[in-house]
Every structure is written in C-alpha cells, then in structure tokens.
2 protein chains.
Amino acid sequence: MNSNPLVTDRELAFQLFEVHDAPALCALPYFSDHDRSTFDMTVSVAARFAREQLFPTYKAMDESPPVLHDGHLAVHPAAHRLYPKLLELGLLSATRPYAVGGQQLPSLVSIASQLVLMAGNAAITGFPLLTSGAAHLLERFADADLASWALEPMLSGRWGGTMALTEPHAGSSLGDITTQATLLEGRRYRVRGSKIFISAGEHDLTENIVHMTLARVPGAPAGSRGVSLFAVPKRRLEGGALVPNDLRASQAIHKIGWRGLPSLVIDYGDADDCIGWLVGEPNKGLSYMFEMMNAARIMVGANGVATASAAYHQSLQYALERPQGRALSDRDPAQPQRAIIEHADVRRMLLRQKAIVEGGLSLVLAAARLDDVASHGVEASAQAEALSLLGLLTPIVKTFPAEWGFESNALALQIHGGYGYSSEYLPESWLRDQKLNSIHEGTTGIQGLDLLGRKAIGDRGVALRLLAAAIQRAVLQAAESAPEDRGLDALGGALMRAMERLGGVTMTLAMKGATGDVASMMRHSTDYLSATCIIVVAWQWLVMATAAARGLEGAPSKADAAFYRGKRAAADYWFRTELPRALRHLELCESGEDSFSRIEKDEF
Amino acid sequence: MNSNPLVTDRELAFQLFEVHDAPALCALPYFSDHDRSTFDMTVSVAARFAREQLFPTYKAMDESPPVLHDGHLAVHPAAHRLYPKLLELGLLSATRPYAVGGQQLPSLVSIASQLVLMAGNAAITGFPLLTSGAAHLLERFADADLASWALEPMLSGRWGGTMALTEPHAGSSLGDITTQATLLEGRRYRVRGSKIFISAGEHDLTENIVHMTLARVPGAPAGSRGVSLFAVPKRRLEGGALVPNDLRASQAIHKIGWRGLPSLVIDYGDADDCIGWLVGEPNKGLSYMFEMMNAARIMVGANGVATASAAYHQSLQYALERPQGRALSDRDPAQPQRAIIEHADVRRMLLRQKAIVEGGLSLVLAAARLDDVASHGVEASAQAEALSLLGLLTPIVKTFPAEWGFESNALALQIHGGYGYSSEYLPESWLRDQKLNSIHEGTTGIQGLDLLGRKAIGDRGVALRLLAAAIQRAVLQAAESAPEDRGLDALGGALMRAMERLGGVTMTLAMKGATGDVASMMRHSTDYLSATCIIVVAWQWLVMATAAARGLEGAPSKADAAFYRGKRAAADYWFRTELPRALRHLELCESGEDSFSRIEKDEF
C-alpha cells in the first residue's frame, strides 16, 4: 500500500517547472526570497511526508470516525501525532506574509504541496486547512482588537478555526440564515442559533476553536444583504483565561467520506450566553465570504484531484500486478494469464483516469498561479486580468475535479473488479471521499449558475476573452517551442474552434437574457459548465503536450522519454475522446431543448 | 420513508399492458391459464409487499451486515421473518413448469414483480433468487438421481443454492479455475479447492445450501473446455440424514453494498472429505453456465433498474418537499423559499433519472418478453429470432442499468445536497449497491467484448438485423397508432439514422477483423457497447412515447394525461440529450483513435 506515490515526483516537477514555470514568480517582490530549490524542497518534503506518514493512517481513520459524547469529540490518535507535523509543513500560513509568521510562498507551490498531502489523507489535512481559511478571514477583515487575541493562536495552530455558514433550512441559500446576533457593546454580540455541517466543529486537537459564523443583526435587510460575519470562539478569553462560551456540538453527521474529519451541528446560545465578535462591518458577511471564495474553491478542486490521483495510482499498480485472462490474439489456456493492463479496456480506463487527474492537476495549479499574480503582481493591469480570469476559472476548478474525478474514482474501483467492491481495498473509500466535492462550497448546479450568469455573461465577456487569449498564446507556443511535433497543430486547431464555439454560444445566450428570457439563457447552465470544463482542460492538455513535445525534442533520458510520451498519449486521448463532447453540451445550450423545464411537477 | 413507491403502480401497469402487451403472451400454450387479472395481481401483491414489508427493513440490514463466526453466519432477524413470505410470492419458481411446482408465469410478469421486490430490499431477495438460479441449472442439466434428492428441497426453499464460480486468481477468467474434482464412483466426486465472492454462501435461513461449483476433473483439457459443473452441498444426505460435507465458509468479504446478503470465501475439502455430484457431462460446465447467462444477466439489469428507481423516487419526493432558494426571475428574499424542484438543474437531474430508470425498465421487460417467446413460443422461427435478439440485448440489459443507473444514483444523492452525503439519508446506500452491477456476472468491459465480438459480428449480423427490424416496426407503429403526435416522426427518424450508423460501423469493424486486425476491431468495444445501449434505450423510449401519445389521444383522466406527458418529455430528453452521444461513441469505434493502445505500460 505504501508504494502508492499519490502524485509522482516526476509529475510534480513537470507541473511546477516545465508547465507552470514556478521560478518565474520569484521575479515578483513578494516571492523574491524564493527560488527553484526552496520550491523543490517544499514540495518534496510534503510528498515524502504524505507517502510515509499520512497515507498509512488513511484507512484506519476512515474506519474509525470520531464519536461525539456529550458535546465532546476525541479525534483518532493518529491525528494527534500528525497534526503538529502538518503545522511544521506550513499548512496554516505558507502563503501568508512574513509579518504574520508566513513564508510568502506562491500558492502555486503551496497548493501543490497541500494537494499531495490531501492525497495521503485528506481528513487530517482538513483541520489546519480550515483553520488557515478562518485565520485568513480575520487577517483580511477583522479589526485590530479582534486580530490581537484571535489571530496568533490560530496561525500557530494552538486554536482551530471553522466556517459556520449553513443552517438546516438554508443549505445553499445563505441569505436565508436565521442565526441572530444582538449587540452587547462595541463589537461584542450575543449569538443564538444553530449551524449544520460544520467540519472540525468540535475536536480535541486544539485548546480552542473559532467559528467564523454568519448571523443576522436586528433590523438587518432580508436576504444576502443582511448577513454579518462573527468570530465565535468555543471558549472565550476572560481575565486571560479561557472559559466556555455557551456553544455546543449537539450532533455528529454520519458522513460517507472524509470520515476522519468530523462534521457537526453546533448550537449557539442555549443558555443565552454565547458571545461573538463582529468581523468587519455589519451586513457585509457574505461579501467577505465571497472574497475568499476563489481560494476556498481552488482547495476543493485540489482535493478532487488529490483523491482521484491516489486512486489512479492504486489502480495502475493493481493493473500492472494482477494477472487475469489473455490477449484477444493469443488465448492459449496453457500459457499463463496476462496482467490486466494488457487488456484494451483496462488501458482505456487507466488513460482516462490519467487524463482527468493530470489535466485537473494542471488546471488547479494554473488557477493557483493566477491567484499569485492577482494577489502579488506588480502591475495593476496584470493583477486585474489575473483576477478576472481566475474568477472565470474558479467554478471550473471547483467542478471539473469533483465531477470527472468521481468518474475517475469509479474507474479505479472498476479496475479492481470484485475486490474493488470490498472495503478490504481502498478505491471504494476514495469514491466516497470524492462525492463531497460536487456538494460543498457550492454544488455543481450552483457553479453552473455562477459561471454562466456571473462570470461569462455578467462581466460582458471580459474574462472569456482573456481565456481565449490565453488559449491563443498556448497554440502559438505549441508551434514555436516544439517545432517537430506537428500533431500539436491538430490539437491547437480543435481547441481554437471549440473556444470560438464557446464564445458564440455565450453570445447567443446573452442575447436571450437581454431580451428578458433569463430562463432560456440559464436553462442549460450545467451543460455550459460541462462544456467549459472540457475545453479548459483541453487547453491545459495542449500546454502539457507542448512541454512534453519540447522535452522529447531535447534528448531526454529513457525514463523521461516514456514520461513525455505518456503525456502526449493522454493529450491525444482528451482531444479525440472528450473535446467533441463539449460541442454536444454547447449544442444543448443553444438548442432550446426544454424537456426538463416543460415537464410539470406532477408529470414526473 | 415508507411513502417511496419504489416503482409506481401506474408505471408497472403502463409497462405490462400499454408497452409490452403482457396479455398477448397468454395465447402461448405455456401461459394459457393466465390472463391480465392474474398478472395484475402478481405484480400488485409484490409491489405492496415490497413497499410495506421489505423497504422498511432495508436500512437496518444495510447497517448491520451479518458476521461470520467460526464458519457460521446468522443473517439479520428481519431476513428470517421475510424469507418465507418471499417464497409465497413465488421468487423460487414462478416461471417454472407446473411439473416442478411452478406457476408458468411469463418472465415478463415475474421479472416486473422481482424488480419491485429488489427495489424494496435487494439483499433479502438475493437468497431465493440465487437458489432459483441454482435449481434451474439442476432442472435443466442434472440426471434424475441428483434431481430426485436435490431439486425439491431447493424449489421449496428448504435448501438454498449458490453459484460458486470465481476463484481468487480467476475472477473473470473462469477457464483458469483450479478447484479439483476426482471421481469416487458413479457421479460422485471428491472436491478440493477454494471459491471467492460466493453470495449467500453461508447463512442460517435454510437447513442446507447447494453450491453449484465449477471444478476440473483429472486430465481435463486446459482452459474453458475443461471445466465441469458439480452440485456440492454444505450437508450431504447419508442414510436419510444430513451430515457435514467438509466445506466451510472461511472468510466474509466486506462488501460496500448489498450488505444484507453475505459474500463468502468457501473452502472445499480441507479434510479431503468434500463430496460433489457431477451435473451433466464432464467438461461442459461452462457451456451449461452460458446457457443460463441470459437469464442471470437480465436479473442484474433488473436489479440495476430497481436500485435506480428507488433512489429516483426518493429524490423526487425530496425535491418536491425541500424548500431552498428562489426562482431566477424573482429572488425577493422576503418571499418564502421555493421547493428545489423549481430549479432547472434539479429538474434536469430528475428527468435524467426518470429517463434512465424507465428506459431501463422497459428494456429489461423487453428482454424478459423475448425470453418468454424464446422459451415458450409455438413457432420455431419465432423462437429462434427471439433467442437471437435476446442474445444481442443481453449485454445491453446487463450494462445499461448498471452504468447509467450508477450515474442516476449519484444524481439522487446530489439532489439531497449535504444530507445526501450522510448515511442518515438513503441515496448513498443505493449508490453503493448499484456499483456491484457493473462488476458481477461479467464486468462492463467483458459485456463490450461479448456484444461486439460474439453478438454483433460473431453471428454475421443476424441479430443486429433483427434489432433494426424491431426498430423499424416501432417507427411504423408510432406513425400508425398515434397519428396526432407528429413529434414522434422526428424521434423515429433520428432512431433510424442512429441504427443505420450502428450497422455501418459494425460492418467497418467486421472488415477490420476479417483482415486480421482484431485489436483494431475490438479496441473501442466499450464505446460500441455504450452507443448500442443508448440506441436501444432510445428504441424503448420511442415505444413508450408512442404508447403515451396513444393514451393522450384517448381522452385520458387528468392523472393519466399528466403521466403520459411526463413520458413524452422524458422521451424528448433522451433523444435530444443522449442519442447524439451514441454517434460520438460510434465515431470513436471507427476513428482508429488508439491513444490507449499506443501508450506503453511504463508511460502511464
């Protein structure tokens, strides 16, 4: 089991240095203390830790989820052992400024590291990553007083943090939350309500937990413009000591995956003595959350890739080792059975996984790199462009690994045959883990609305034109930097045509909206999302194929040549097999096909 | 939870009497004692029992799988209560002749009943259904002596039966089994070996279990031509009493679904005293199994539909009841939230499920009806044609519900949002159950080889021409019997074109094979299977749409009109959304796309 690389070192190096040119980021002042060697070290230390320390605990934590007793929850013993090491690896603040104890690493490098750690055991990484997100909210929006006592313990890992958004009656519709916060004095409020699906909402890894909680103040406008953000600690500081703050984990959800990371119902203020601190201004809570949304959704994408990658490598290894059946051309039963990787359909399932996993990885890292430029670029125009393109890509980064990753995980199980259907083998657990990613941080349906409504049409095509320009650059790059591989021309041509078609369909839909028919415009938003996912990943495969072709033209070692040929095959697979499907989805968007709008509730 | 209809009564009546014309079968002598009323009663009694008795036990049996202790396994208490009632419902022998205690029911009706029972709790139905399959093998191939003592106790349900085929090193490759059987005298053999994944291989529902076991006799030819079939009872009769037969359940597999039905490793002859009885002739075991294959694979298809149907109705009910969010055209937060069925993407997910579930149901029943004609038709030519078409459809019936049903089950979970990701809700359990269906009784990859190699090309296109003829009849029928619905013309035209394309691609592939390039011919066999699945289900949707259109033209009640309009919408959905995908799969078959053949093992 330990021989699963999760993500190979060669792949990580390829992505960072041959595809996404991480060292170029060191030209930006924020990253100027770094160079290729610190990036290399960061990722390789994480990868080694993931393989040697995290992955061996994965199954045990999946099999023994923590149990809630009387409001208290003790995590798996392995989590206690691993948590301090994860802090050392910088999961709390690697990308944050030196001023708050961070290392000013690019997200590109940090997310590559986090991704391989998640591939080893996603549940355990959830604790520090959630804290990091909560701390980042405080760093960005909290006043000095709140930051002075809450931020340091979170960034050091002594306290944990959560996102407490969803309520039982308001899952995706955060404007409908009803948790109440009434002013005591200054920025202190009395909080009362209930939150559900709070990951790491209770545990014994840290002495305290700060819940970043959405609530309404009296007289707040209805809906999303009346939601405020509060920091509500499990224990509050009084006279320098931590005392209970009248909030309580009342129920643990029996999640089907990520079982090492508890998900809880939290009740606030049963005794009317739960105090929360307002973060930023009242009624701006959702806008603060939205500002952090890109980063949060990239993390979901990274998890989707991580989960699919671990399963891909597990099934690849199984396919190489498991003898079963014979070649179609030589079925002599007196000969020994062949490894199942010899069978065409098994190879198809492996190559499909590879195309999804590595395409998704490149996509996630492309988004992370845009985030680096958006946050730390030196030219305002470059920052704005990066932010705009990142906004467009965010629903793709969130969705592609989740949806295609789920398919990929199902193939990993399928390759294991009857054994895959048992919990004696790992693929079924990754399949369970993966399913969360199409649900949390906005379901796939919501990502489709976001992409089409807000990102593609809402900004009048600005971001979409940036994507088209990036694709055009990739096509030119393919011609220039790998002159001997003219197979790339066909890929580039197909990609340009698909992108043009995407632009045309977007225009058609925008026109429908402009004439007031928003329902027709948005009807096939999930198909629009699917099409865009496939096209964007084709773009990443063209970039990877170009890097591979360049590598092949540079007298590579035998192992490198094999690596590059594999990339070229996967790129071909994606363009031949998947890209045409994008066109089908776009046709549906344009077609006026309305069967599912037309059917009435009582006709199902 | 009990309000889940599993499959609605209206749907069952539609399928049996408006689509598949069950009463017409009564013209065949074997079924002549039956009429519409006995069919109605059979199915409605089963449906009521499934909803009221089986479904309420489903979750409990899933949560508490039986545990193996020292070779013995006690099933869930609910199984003891339900098992005798399942026998009363005829799960052992409803279709068998009066002579062996059967009811001579058509498979069409029997499978409709079994399907709704499986939707209620598939695991519990597994016990009698496995016994029924084993008994059928004995009825068909055993000599009079073996039948005299083994058949009656199995057909009465006092004994259970299993299929003991797979071995740890020979999962799909049954020609490689190594279990040995050496002659004692007459038809008695000493058996030694080990079998894995034996469903119902040990339990306490019956006083004995007969394992239909594949083994080799000394000197048997290598491979599949040297495999014989034995009946190996857990206890053997000696002097009128049952004594242990030296076989033992040594391990229970921790399956991820169907958890109420144990799956075991069975060791034979540890003390060299395990006796088996040869069934039929030596070395013909696999051919006997193959003769039962159509029926076994139809049962897998029925289970796939059942599992998807239960989940579909659960998510439909949830979508009707769960308020969340608002319409795109009216987002006033002061208004109450809308039921999620109002959201376009939720409706899309529901209609997709409906199209898969009901398309799959019609397909399974079409196959069952062909089985009835093949087995009990009065004209030899009609029998032969039915058998040939059934052979072609069998890999489709096996695969479509499994693969599309898994997607459908994932959508049911997705509609439940965060709740769907918890085991507090049912959809996740059906998703787990469903995954088995793409693996057992021949994986999807193997079905693709069977369809393209044996069924489509192997018989020189005979079966494919029968399918084309059946499709042509359906198109004519659409024009004749529903003259007012000219929307059907477009569906019929699209279907005819798709079928022609399927024929053309098959010819191209056959030519590749004829020139010796079997690898190219078979490379995309799974794509060929996918395309054929979609086309065949489109055929079923045309037949259903025609019946619905006919219904709408006949002054239906308000409820019936709604039912029929739902059918028409689902048919339109399938043709507009899914059928074009079939053409993409066919293009891949023809294209020579070889990325996954070209990539070498070390290039992944």
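The values are calculated or read from the model by the stated rules, or taken from the named source; none is laboratory data. These figures come from a predicted structure and were not determined experimentally. Here the Cβ is made from the backbone with ideal geometry for all residues, glycine too, and neighbour counts use every protein chain on show.
For the reader, a short list of remarks on this structure follows.
- Among residues of the range A:20-37, those that are closer than 18 Å to A:Leu363 by Cα and buried (at least 19 other Cβ atoms within 10 Å of the Cβ), counted: 3
- Within the range B:327-434, helices (runs of 4 or more DSSP H) holding 1 or more residues that are more than 10 Å from chain A (Cβ to nearest Cβ) and under 22 Å from the mean Cα position of the chain (by Cα): B:344-376, B:380-415
- For the range A:192-202, the set of residues classified as crowded, with 23+ Cβ neighbours inside 10 Å, within 14 Å of chain B (Cβ to nearest Cβ) and hydrophobic (A, V, I, L, M, F, W, C) consists of A:Phe197, A:Ile198, listed by residue number.
- Total residues in the range A:584-593 satisfying the condition of being out of contact with any Asp or Glu (no Cβ under 8 Å at 6 or more places or on another chain) and either within 9 Å of another protein chain (Cβ to nearest Cβ) or of a type in the set (Phe, Trp, Tyr) (or both): the figure is 3.
Each row is one residue, and each column tells you yes or no for (1) crowded, with 18+ Cβ neighbours inside 10 Å; (2) away from chain A (no Cβ under 14 Å); (3) more than 30 Å from B:Pro77 (Cα to Cα); (4) under 28 Å from the mean Cα position of the chain (by Cα).
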residue	(1), (2), (3), (4)
B:Thr166	yes, no, no, yes
B:His169	no, no, yes, yes
B:Ser173	yes, no, yes, yes
B:Thr182	no, yes, yes, no
B:Arg190	no, yes, yes, no
B:Asp204	no, yes, no, yes
B:Pro218	no, yes, yes, no
B:Leu237	no, yes, no, no
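- Candidate set: the range B:89-116, residues that are outside any loop (DSSP other than H, G, I, E, B) and free of Cβ contacts under 8 Å to residues at least 60 places away in the same chain; chosen: the one surrounded by the fewest Cβ atoms within 10 Å (Cβ to Cβ): B:Ala99
- Residue check, B:Asp572 surrounded by 24 or more Cβ atoms within 10 Å (Cβ to Cβ) and facing chain A (nearest Cβ under 9 Å): no
- Condition check for B:Val279 on (1) closer than 20 Å to B:Glu185 by Cα; (2) among the β-branched types (Val, Ile, Thr); (3) in contact with a Lys or Arg (Cβ under 8 Å, 6 or more places away or on another chain): one failure, at (3).
- You will find that of A:Asp33, A:Asp62, the residue that is under 14 Å from A:Gly120 (Cα atoms) and in contact (Cβ under 8 Å) with a residue 24 or more places away in the chain is A:Asp62 and no other.
- Within the range A:484-493, the presence of a residue that is away from every other protein chain (no Cβ under 14 Å) and closer than 30 Å to B:Arg347 by Cβ is excluded.
- Residues (of a type in the set (Ser, Thr, Tyr) and modelled with pLDDT under 95) located in the range B:560-596: B:Ser591
- Checking B:Phe230 against (1) over 24 Å from B:Pro84 (Cβ atoms); (2) within 11 Å of chain A (Cβ to nearest Cβ), the condition it does not meet: (2)
- Condition check for B:Ala562: crowded, with 16+ Cβ neighbours inside 10 Å, farther than 25 Å from A:Leu316 by Cβ and facing chain A (nearest Cβ under 9 Å): yes
- Just so you know, in the range B:36-59 the residues that are in contact with a helix residue (DSSP H, G or I) (Cβ under 7 Å, 6 or more places away or on another chain) and free of Cβ contacts under 8 Å to residues at least 60 places away in the same chain include one that is nearest to B:Ala374 (Cα to Cα), and it is B:Arg36.
- Cross-chain or 6+ apart pairs with Cβ under 8 Å, the range B:421-440 first and at positive phi and surrounded by 24 or more Cβ atoms within 10 Å (Cβ to Cβ), then aliphatic (A, V, I, L, M) and part of a helix (DSSP H, G or I): none
- The condition (being within 30 Å of B:Ala119 (Cα to Cα) and either at pLDDT below 95 or within 13 Å of chain A (Cβ to nearest Cβ) (or both)) is satisfied by just one residue among B:Ile446, B:Ile457: B:Ile446.
- Where A:Gly269 falls short, out of the listed (1) at positive phi; (2) more than 10 Å from every other protein chain (Cβ to nearest Cβ); (3) buried (at least 24 other Cβ atoms within 10 Å of the Cβ): (3)
- Residue that is β-branched (Val, Ile, Thr) and farther than 23 Å from A:Leu392 by Cα, where the choices are A:Thr515, A:Thr526: A:Thr515
- Residues that are under 28 Å from A:Ile111 (Cβ atoms), of a type in the set (Gly, Ala, Ser), in contact with a Ser or Thr (Cβ under 8 Å, 6 or more places away or on another chain) and at pLDDT 95 or above occur at least once in the range A:310-319.
- Residue within the range B:44-55 that is exposed (fewer than 15 other Cβ atoms within 10 Å of the Cβ) and not acidic (Asp, Glu) present: yes
- Check on A:Arg460, charged (D, E, K, R), outside any helix (DSSP H, G or I) and over 25 Å from the mean Cα position of the chain (by Cα): yes
- Qualifying residue in the range B:500-508 (condition: farther than 30 Å from A:His343 by Cα, charged (D, E, K, R) and touching a residue at least 40 places away in the same chain (Cβ under 8 Å)): no
- Test: residue in the range B:549-559 that is within 17 Å of B:Gln353 (Cα to Cα), crowded, with 20+ Cβ neighbours inside 10 Å and modelled with pLDDT of 95 or more: no
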